[in-house]
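Nothing in this text is a laboratory measurement; each read-out follows from the coordinates by a stated rule. Keep in mind it's a predicted model, so treat the numbers as computed, not measured. All Cβ positions, even for glycine, are placed from backbone atoms using ideal geometry, and neighbour counts span all protein chains on display.
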Amino acid sequence: MTFRAIQRSSDPLPPSSRMDAGGRPANRATIGQNFIGTLYTVAGVGLFIGVWWYAASQLPRSRLVTPLEVGSDIWTNFLYSRRLGVFGLGKVGYGSLLLYTVGNVLTGLVTGGAIGIFIGTASARLRLLRLFVDPVVLVLGTVPVLVAAPLFLLWFGVVPFTQVLLVAFYSAVMMVMFSQRAAENIDPVYERWAMTFGAGVAVRIRHILIPGTVPEIIGGLRITLASAWGLEVFAEILGAPSGMGQAIKAFTNLNNVSGLLACVVIVAVTAIVTDILLVALARRVTAWA
Amino acid sequence: MDPRKPALAVRDIGVRFVRADGTPVVALDGVSLQVFPGEFVCILGRSGHGKTTLLNVVAGLLRAQHGEVRVMDQLVTGPGIDRGVIFQQDAVFPWMRVEDNVAFGLRVRNISTQERLQIAREHLALVGLSSVARAWPRELSGGMRGRVAIAAVFANDPPILLADEPFGALDYVTRRQLQAVLQDLWRRTGKTVLFVTHDVDEAMMLGTRVIVIKNGGIAEDRAIDLPMPRSDDDVATQEGLAIKHLLLHHIGLE
Amino acid sequence: MRTNFRASRLLGGATVLLTLVLLWELLSLVVTAKGSYDEPLIPGWGYLIGNSLLRMSDYWGGGFGVPAPSEGGPATYAAALLALGSASLITFQRVLFGIAFGTLGGIGLGLLVATFDAARRLIAPTVHIVRMTPFLAMIPLFNLWFGANTFGIILFVAYGVAVIMFIGTVNAVRNVPKVYFDRAATVGASRATVFRHVVLPAIFPEIRASFLLSFGLSWSLVVGGELLGAQSGLGVIVTYALQFAYTGRVMIVAFLFVIYAGLSFALFDAMSRRIIDWHPQVGQRPISAQVGRRGVGVAIRQ
């Protein structure tokens, strides 16, 4: 008797390498895996909102407000908020403040990141440069970049440049580390093969070094971007002409919990969105990976 | 063990997977076989034809949708200490010293430290690794780690031994050496062995019997009555070459 | 060969450090502009030690036989060092407890969730949201909920560390090669044995990596927490200094943080390397040449 019927199985699995701590396989190759996955995501988000709502109902309003209140706060104050005007921020709403923050983050990340990537990939090749870059990066990498924030404020004042510089500085250091590692991780066999075809340095850089490092560099950019958000908001709280950080500071002083939560939610959502965009970009550029 | 009763009985095992894109794959299509005590059965076949799947079902690491496996007439429902396994991947625990790795199975059975280390060291001696008993696995070569795996399985003394292409990743010389080690231990202990391989020469050198798996089913089940221990000369006889050609034919090379 | 490499690295580092020190002094001589309260924008080393460090005594409240300048006592280095020392201790305490609670909580929760796949998948969206919310942006919230004091800061640091350790732990467990579990199953190991002898050792290297990450992060979180509203600790000195634009004092505290963070990191890194001596990449160089000299038929490592 041979086995012919084809039905959905719930038991056996192809050799997979994912396990949970109980020693049982964590991945299952069943039809409808995607559907179950979506279900889990929806349930997971629901869980988050549910816990928040429950906590808000149990805690005083001075500590936590419901997701609904935060949502409506964002809705009404996005374009213009009377409360913020009191703080000398001008005729603004969350939207324009967010624009300021996003602008600074991206400017800092791109400029600092570009410098970092350049130095990082170059130093992976040139030993002399490496000797110079490594100790600097080692120190700066373990050190909280935050300590520079008050210094920059003193030196450059309450201007956008202060925050952009902080973000750029941080991004440069991080991307040097990531780019170095990315360049080192390229299998030397690729270059050797290229050399047997007579490929010169420029060709090898363009066709091996750059494409080979892109996946890991974008991975590093993701991590750097996530931290850059916090750095920017923090720097804004310390002192800035505009930005979500200033709004947070204003609401803290006003003891306005819904406004404070609204700002945090906006920042979090924007961070998630930019991350998704970066991942999408990565997928496009590294379709081969 | 009664030599007339099968040590291992596989009855009508059917296994199918569903690939990530939804297409079904029949890995094993109603496979049945019996292995008697003391046999060294080589399961030969090309990659993807089902031999590793069969081994995993016998080991209890994979559940079949259909059929059953009995070891000494006991139904197999999962992995057990009656079936030792030498894995295809390197399963030596890197965080345990060599002798602790070999003694691991004994530790699980709550055998005292002194006793289990002694048994471990005896087995390390049998595979020629006495000098590295306290070394970390990362200090050993691939071949040496292969010996550790063999020693570990034999130290636990299971009646049945299952091996899943354990020497595949090694160079020719190391492979031949480990085959000799395994064969030597098998002859000393009289275990029943199920050995999966894609290498015809390996099957010829090690097996008392060879089963060819093709497309999820058994294509050939042949005894190899050549002398043991086997030398290259024994395999190069007329009888040996006849078997080899038969196997090559089933594999698809002739 | 190996010691040469290390030595050249140290030399390179020392040279860079020296160069930076000299460049800074040069810069301070070139940029002679002064901010408010007559504080130079780029204070040279002489000013930093002679004025900024000395004036740290302003923050000493008195005790240990050293009078407080605020009560009419002289500005002394003893008072300055006591001020910095006591502030540093408070900050240390926050970092230490924050890391401790965060690590325990993060790993504990991580192991729990990793055991039950359904649980892991259910809280995955929450974890993602929490992880993507910038830690530093949460400081005002933590101040609101728990107060801008030691308790609140410890909790904040613990929160950040816990998030990193949780994610790291869950990933580490998922990355344990299945073959180790299979092998344990074939020798009849119980779940407890598998947990103790397979899962825990196997995830240790990755957990260590996550820990080093959160180590660095925790210093940032402490600085952030103290800069935004704390009443004691090193960060508060910066807040006071900022009010008067005392660049020099801000720099000294910045240096201290740099030294503390760097030293503690290096210390922990060195200590923890010992424990994972067995790991192929992290442990010491293999002694393969010695291994295999004796024994019949033992293959010599190529």
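Per the Kirkwood formula on distinct C-alpha pairs, the Rh of the protein assembly as shown is how many angstrom?
Hydrodynamic radius (Kirkwood, Cα pairs) of the protein assembly as shown is 31.4 Å.
Is there a simple number for the mean count of other chain Cβ atoms within 10 Å of the Cβ of residues in B:131-144, and what is it?
Taking the mean over all residues of the peptide, I get 6.
If you build the convex hull over the alpha carbons only and average its shadow over all orientations, what do you get for the range B:127-187? Give it in nm² to one decimal.
4.4
Give, in nm to one decimal, the length gained when the segment between residue A:202 and residue A:83 is fully stretched (0.36 nm per residue of separation minus the Cα-Cα distance).
37.1 nm
Treating the range B:61-197 as a set of equal point scatterers at the Cα positions, no solvent, please give the Debye-formula log₁₀ I(q)/I(0) at q = 0.12, 0.15, 0.18 Å⁻¹.
Log-scaled intensity ratios, in q order: -0.47, -0.73, -1.03.
How long are the three semi-axes of the equivalent ellipsoid for the range B:197-254, computed from the Cα gyration tensor as the root of 5 times each eigenvalue, in whole Å, largest first?
Semi-axes from the Cα gyration tensor: 19, 12, 9 Å.
How about residue A:249: which aspartates and glutamates have a C-alpha closer than 18 Å to its C-alpha, ignoring those fewer than 8 places off in the same chain?
A:73, A:232, A:236, C:226
Averaged over its residues, how many other protein chain Cβ atoms are within 10 Å of peptide A:229-239's Cβ atoms?
The shielding value for this peptide is 5.
Give, rounded to the nearest 20 debye, the magnitude of the charge dipole that the protein assembly as shown has about its Cα centre when Lys and Arg contribute +1 at Cβ and Asp and Glu contribute -1 at Cβ.
The calculation lands at about 120 debye.
Over chain C, calculate the relative contact order: mean separation of alpha carbon pairs under 8 Å at least 6 apart, over the residue count, as a percent.
Once normalised by length, the contact order is 19 percent.
For the range C:227-242, just list the computed ³J(HN,Hα) in residue order, Karplus coefficients 6.51, -1.76 and 1.60, θ = phi - 60°, integers in Hz, with x standing in for Gly and Pro.
With the stated coefficients, the range C:227-242 comes to 6, 9, x, 6, 10, 8, x, 5, x, 5, 4, 5, 4, 4, 5, 4 Hz.
In the neighborhood of residue A:181, defined by Cβ-to-Cβ distances under 13 Å, what is the net charge if each Lys or Arg adds +1 and each Asp or Glu adds -1?
The answer is -2.
Hey, with R₀ at 35 Å, roughly what FRET efficiency would residue A:210 and residue C:45 work out to, going by the Cβ-Cβ distance, to 0.05?
Efficiency for this residue pair is about 0.25.
Which whole-angstrom value gives the distance between the alpha carbon centres of the range C:54-111 and the range C:187-212?
Measuring centre to centre over Cα atoms gives 38 Å.
If each of residue B:110 and residue C:29 carries a label point 7 Å out from its Cα toward its Cβ, how far apart are those two points in nm?
Label at residue B:110, label at residue C:29, 8.0 nm between them.
Using the Cα atoms of chain C, I'd like the radius of gyration and the largest Cα-Cα distance, Dmax, both in angstrom.
Over chain C's Cα set, Rg and Dmax evaluate to 25.2, 84 Å.
What lysines could a cross-link reach from residue C:178, if we take a straight Cα to Cα line under 30 Å and drop same-chain neighbours fewer than 8 places away?
In chain and number order, the partners are B:51, B:191, B:214.
Within the range B:66-81, whose backbone N sits under 17 Å from a point 7 Å along Cα→Cβ of residue B:32?
Answer for this model: B:66-71, B:73.
Exposed loop sites here are chymotrypsin sites (Phe, Trp or Tyr not before Pro) in DSSP loop states with at most 16 other C-beta atoms within 10 Å. What is the longest stretch of chain A lacking them?
After excluding every exposed loop site, the longest remaining stretch is A:88-196.
Computed over the Cα atoms of the range A:126-167, what is the ratio Rg over Rh, Rh following Kirkwood?
Rounded to two decimals, Rg/Rh equals 1.15.
Which number do you get for Rg(Cα) / (2.2 N^0.38 Å) in chain B?
Taking N as the residue count of chain B, the ratio is 1.01.
Roughly how far apart, in whole Å, are the Cα centres of the range A:131-182 and the range A:242-289?
Their Cα centres are 21 Å away from one another.
In percent, how large is the relative contact order of chain A, given Cα pairs closer than 8 Å and 6 or more residues apart?
21
Let me have the 222 nm mean residue ellipticity of chain A computed from DSSP H runs of 4+ only, each contributing -39500 (n - 2.57), with the sum over all residues rounded to the nearest 500.
Calculated at 222 nm, the ellipticity per residue is -24000 deg cm²/dmol.
If one computes the Cα centroid of the range B:159-207 and of the range C:132-180, what distance in Å separates the two points?
50
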